[in-house]
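Below you'll find the structure, written out as C-alpha coordinates, and then a few comments.
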Amino acid sequence: MKLLEEKILNEGKVLEGGILKVDGFLNHRLDVALISELGADIAREFATSGATLILTVESSGISIACAAGEKLHLPVLVAKKHRSLNISDGVYTAPVFSFTHKVENNVVVSKEYLTAAERVLIVDDFLASGNAALGLLSLIEQAGAKAVGFVAAIEKSEQGGRALIEGKGVKVYSLARIKEMRVGDIKFE
Ligand code: 5GP
(Lines give C-alpha, C1' and ligand atoms only; values in the text may rest on other atoms or scores of the structure.)
Protein backbone atom coordinates (compact mmCIF):
# COMPACT_ATOMS: atom_id res chain seq x y z
CA MET A 1 0.00 0.00 0.00
CA LYS A 2 1.65 3.19 -1.28
CA LEU A 3 0.35 5.44 1.48
CA LEU A 4 1.85 3.27 4.23
CA GLU A 5 5.14 2.76 2.36
CA GLU A 6 5.53 6.53 1.99
CA LYS A 7 4.78 7.07 5.66
CA ILE A 8 7.40 4.46 6.62
CA LEU A 9 10.00 6.06 4.32
CA ASN A 10 9.26 9.56 5.65
CA GLU A 11 8.81 8.86 9.36
CA GLY A 12 10.00 5.33 10.19
CA LYS A 13 13.34 4.86 11.92
CA VAL A 14 15.41 1.69 11.62
CA LEU A 15 17.00 0.72 14.95
CA GLU A 16 19.78 -1.78 15.62
CA GLY A 17 18.53 -5.36 15.93
CA GLY A 18 16.13 -5.22 12.99
CA ILE A 19 13.50 -3.08 14.69
CA LEU A 20 11.54 -0.46 12.78
CA LYS A 21 10.26 2.38 14.95
CA VAL A 22 6.87 3.66 13.82
CA ASP A 23 5.86 5.35 17.07
CA GLY A 24 4.92 8.59 15.36
CA PHE A 25 1.98 7.16 13.42
CA LEU A 26 1.21 3.50 14.21
CA ASN A 27 1.78 2.50 17.81
CA HIS A 28 2.36 5.43 20.15
CA ARG A 29 0.95 8.53 18.46
CA LEU A 30 -1.71 7.22 16.06
CA ASP A 31 -2.43 8.62 12.59
CA VAL A 32 -6.11 7.78 12.70
CA ALA A 33 -6.81 8.68 9.06
CA LEU A 34 -3.99 6.40 7.91
CA ILE A 35 -5.14 3.57 10.20
CA SER A 36 -8.68 3.96 8.83
CA GLU A 37 -7.25 3.51 5.30
CA LEU A 38 -5.42 0.37 6.47
CA GLY A 39 -8.75 -0.95 7.76
CA ALA A 40 -10.44 -0.23 4.42
CA ASP A 41 -7.68 -2.06 2.52
CA ILE A 42 -7.93 -5.10 4.82
CA ALA A 43 -11.72 -5.08 4.42
CA ARG A 44 -11.42 -5.09 0.60
CA GLU A 45 -8.98 -8.02 0.71
CA PHE A 46 -11.07 -10.13 3.09
CA ALA A 47 -14.61 -9.04 2.08
CA THR A 48 -15.52 -12.53 0.85
CA SER A 49 -13.46 -14.54 3.35
CA GLY A 50 -16.45 -15.39 5.52
CA ALA A 51 -14.62 -14.06 8.59
CA THR A 52 -16.82 -13.79 11.69
CA LEU A 53 -14.26 -12.44 14.16
CA ILE A 54 -11.03 -10.42 14.17
CA LEU A 55 -8.33 -11.50 16.62
CA THR A 56 -5.43 -9.29 17.65
CA VAL A 57 -3.03 -9.09 20.59
CA GLU A 58 -2.53 -6.15 22.95
CA SER A 59 -1.49 -3.58 22.43
CA SER A 60 -0.11 -2.35 19.12
CA GLY A 61 -2.43 -4.33 16.86
CA ILE A 62 -5.64 -3.03 18.43
CA SER A 63 -6.10 0.18 16.43
CA ILE A 64 -5.59 -1.57 13.09
CA ALA A 65 -7.84 -4.47 14.09
CA CYS A 66 -10.58 -2.00 15.11
CA ALA A 67 -10.31 -0.13 11.80
CA ALA A 68 -10.72 -3.43 9.92
CA GLY A 69 -13.50 -4.59 12.25
CA GLU A 70 -15.46 -1.39 11.70
CA LYS A 71 -15.26 -1.76 7.90
CA LEU A 72 -16.04 -5.50 7.94
CA HIS A 73 -18.74 -5.11 10.62
CA LEU A 74 -16.98 -7.68 12.81
CA PRO A 75 -16.15 -7.72 16.52
CA VAL A 76 -12.51 -7.58 17.59
CA LEU A 77 -11.16 -9.99 20.21
CA VAL A 78 -8.01 -8.73 21.94
CA ALA A 79 -5.73 -11.45 23.31
CA LYS A 80 -4.25 -10.32 26.64
CA LYS A 81 -0.58 -10.69 27.51
CA HIS A 82 0.23 -12.28 30.87
CA ARG A 83 3.63 -13.04 32.35
CA SER A 84 2.33 -15.56 34.90
CA LEU A 85 1.24 -19.13 34.15
CA ASN A 86 -1.31 -18.94 36.93
CA ILE A 87 -4.29 -18.61 34.67
CA SER A 88 -7.92 -19.70 35.18
CA ASP A 89 -9.75 -22.60 33.49
CA GLY A 90 -11.99 -20.49 31.33
CA VAL A 91 -9.28 -19.41 28.90
CA TYR A 92 -7.09 -20.62 26.07
CA THR A 93 -3.44 -19.68 26.41
CA ALA A 94 -0.24 -19.96 24.34
CA PRO A 95 3.36 -18.83 24.96
CA VAL A 96 4.77 -16.09 22.71
CA PHE A 97 8.34 -14.87 22.68
CA SER A 98 8.42 -11.12 22.09
CA PHE A 99 10.70 -10.01 19.24
CA THR A 100 10.94 -6.46 20.57
CA HIS A 101 11.11 -7.06 24.34
CA LYS A 102 12.94 -10.43 24.37
CA VAL A 103 10.65 -11.92 27.02
CA GLU A 104 8.09 -14.71 26.90
CA ASN A 105 4.47 -13.80 27.57
CA ASN A 106 1.38 -15.95 27.52
CA VAL A 107 -1.37 -14.75 25.21
CA VAL A 108 -4.79 -15.41 26.66
CA VAL A 109 -8.39 -15.30 25.42
CA SER A 110 -11.64 -16.26 27.09
CA LYS A 111 -13.24 -19.52 25.86
CA GLU A 112 -16.53 -17.64 25.94
CA TYR A 113 -15.46 -15.39 23.04
CA LEU A 114 -13.43 -17.78 20.89
CA THR A 115 -15.64 -20.74 19.99
CA ALA A 116 -15.45 -23.52 17.40
CA ALA A 117 -17.98 -21.71 15.21
CA GLU A 118 -15.71 -18.73 14.52
CA ARG A 119 -13.84 -18.03 11.28
CA VAL A 120 -11.03 -15.83 12.47
CA LEU A 121 -9.02 -13.11 10.73
CA ILE A 122 -5.86 -12.27 12.69
CA VAL A 123 -4.63 -8.65 12.48
CA ASP A 124 -1.37 -7.35 13.96
CA ASP A 125 0.91 -4.36 13.43
CA PHE A 126 4.08 -6.31 12.47
CA LEU A 127 5.06 -9.69 11.10
CA ALA A 128 8.69 -10.47 11.96
CA SER A 129 9.68 -13.98 13.07
CA GLY A 130 6.05 -15.13 13.24
CA ASN A 131 6.00 -15.99 16.97
CA ALA A 132 3.01 -13.81 17.78
CA ALA A 133 1.12 -15.23 14.79
CA LEU A 134 1.85 -18.83 15.83
CA GLY A 135 0.65 -18.10 19.38
CA LEU A 136 -2.61 -16.64 18.07
CA LEU A 137 -3.03 -19.56 15.65
CA SER A 138 -2.57 -21.93 18.58
CA LEU A 139 -5.46 -20.23 20.43
CA ILE A 140 -7.65 -20.68 17.34
CA GLU A 141 -6.66 -24.37 17.05
CA GLN A 142 -7.36 -24.97 20.74
CA ALA A 143 -10.86 -23.54 20.27
CA GLY A 144 -11.49 -25.72 17.21
CA ALA A 145 -12.12 -22.54 15.18
CA LYS A 146 -10.74 -21.79 11.70
CA ALA A 147 -8.19 -19.12 10.72
CA VAL A 148 -9.10 -17.44 7.42
CA GLY A 149 -6.03 -15.21 7.21
CA PHE A 150 -3.23 -13.33 8.91
CA VAL A 151 -2.80 -9.61 8.27
CA ALA A 152 0.21 -7.51 9.25
CA ALA A 153 0.35 -3.79 8.57
CA ILE A 154 4.12 -4.14 8.14
CA GLU A 155 5.96 -7.33 7.23
CA LYS A 156 9.74 -7.62 7.53
CA SER A 157 10.42 -10.41 5.04
CA GLU A 158 14.00 -11.01 6.15
CA GLN A 159 12.78 -12.31 9.53
CA GLY A 160 10.98 -15.25 7.94
CA GLY A 161 7.56 -15.31 9.67
CA ARG A 162 5.51 -15.66 6.47
CA ALA A 163 6.69 -19.21 5.73
CA LEU A 164 5.67 -20.42 9.20
CA ILE A 165 2.13 -19.11 8.82
CA GLU A 166 1.72 -20.26 5.22
CA GLY A 167 3.08 -23.64 6.35
CA LYS A 168 -0.08 -23.93 8.45
CA GLY A 169 -2.20 -23.32 5.37
CA VAL A 170 -3.14 -19.76 6.37
CA LYS A 171 -3.11 -16.88 3.87
CA VAL A 172 -0.74 -14.00 4.76
CA TYR A 173 -1.51 -10.44 3.68
CA SER A 174 0.68 -7.45 4.53
CA LEU A 175 0.06 -3.82 3.64
CA ALA A 176 3.74 -2.88 3.43
CA ARG A 177 6.32 -5.58 2.81
CA ILE A 178 9.89 -4.65 3.67
CA LYS A 179 12.45 -6.68 1.75
CA GLU A 180 15.44 -5.40 3.66
CA MET A 181 16.25 -2.50 5.95
CA ARG A 182 19.38 -0.97 7.34
CA VAL A 183 19.79 2.25 9.32
CA GLY A 184 18.78 4.99 6.88
CA ASP A 185 17.78 2.57 4.09
CA ILE A 186 14.47 0.72 3.67
CA LYS A 187 13.63 -1.36 0.57
CA PHE A 188 10.17 -2.76 -0.16
CA GLU A 189 9.38 -5.99 -2.04
P1 5GP B 1 7.04 -11.69 15.60
O2 5GP B 1 6.34 -12.42 16.70
O3 5GP B 1 6.46 -11.92 14.25
O4 5GP B 1 8.54 -11.90 15.66
O5 5GP B 1 6.87 -10.16 15.93
C6 5GP B 1 5.60 -9.58 15.92
C7 5GP B 1 5.36 -8.71 17.11
O8 5GP B 1 6.55 -8.06 17.57
C9 5GP B 1 4.37 -7.63 16.72
O10 5GP B 1 3.21 -7.87 17.47
C11 5GP B 1 5.03 -6.32 17.08
O12 5GP B 1 4.35 -5.74 18.16
C13 5GP B 1 6.44 -6.64 17.48
N14 5GP B 1 7.42 -6.22 16.46
C15 5GP B 1 8.16 -7.04 15.65
N16 5GP B 1 8.99 -6.35 14.89
C17 5GP B 1 8.81 -5.05 15.20
C18 5GP B 1 9.41 -3.83 14.74
O19 5GP B 1 10.30 -3.79 13.87
N20 5GP B 1 8.94 -2.68 15.28
C21 5GP B 1 7.98 -2.66 16.23
N22 5GP B 1 7.57 -1.46 16.69
N23 5GP B 1 7.38 -3.79 16.70
C24 5GP B 1 7.79 -4.97 16.19
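Figures for the structure shown
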item: Which numbered condition TYR113 misses (of (1) in contact with a Pro (Cβ under 9 Å, 6 or more places away or on another chain); (2) among the hydroxyl-bearing types (Ser, Thr, Tyr); (3) within 20 Å of ALA163 (Cβ to Cβ)); result: (3)
item: Which numbered condition ASN105 fails, given (1) open to solvent by less than 70 Å² (accessible area, probe 1.4 Å); (2) under 24 Å from TYR173 (Cβ atoms); result: (2)
item: Check on ALA176, over 22 Å from LEU74 (Cα atoms) and in contact (Cβ under 8 Å) with a residue 40 or more places away in the chain; result: yes
item: Among the candidates THR52, THR56, residue that is within 15 Å of the ligand (Cβ to nearest atom) and either over 18 Å from LEU127 (Cα atoms) or of a type in the set (Ser, Thr, Tyr) (or both); result: THR56
item: Whichever residue in the stretch 111-132 is more than 6 Å from the ligand (Cβ to nearest atom) and open to solvent by less than 60 Å² (accessible area, probe 1.4 Å) and, among such residues, is farthest from GLY12 (Cα to Cα); result: THR115
item: Any chance ILE8 is part of a helix (DSSP H, G or I), within 11 Å of the ligand (Cβ to nearest atom) and surrounded by 17 or more Cβ atoms within 10 Å (Cβ to Cβ); result: yes
item: Residue match in the stretch 21-34 (condition: in a strand (DSSP E or B) and open to solvent by 10 Å² or more (accessible area, probe 1.4 Å)); result: yes
item: Search result, residues across the stretch 151-169 that are under 14 Å from GLU45 (Cα atoms) and either within 11 Å of the ligand (Cβ to nearest atom) or open to solvent by 10 Å² or more (accessible area, probe 1.4 Å) (or both); result: ALA152, ALA153
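The values are calculated or read from the model by the stated rules, or taken from the named source; none is laboratory data. Everything numeric here is computed off the predicted structure, so don't read it as measured data. Glycine also receives a Cβ, built like all others from the backbone with ideal geometry; neighbour counts cover every protein chain displayed. Just so you know, the surface numbers come from the protein's heavy atoms only, side chains and all, with ligands and any DNA or RNA stripped out. Shrake-Rupley method; radii C 1.70, N 1.55, O 1.52, S 1.80 Å.
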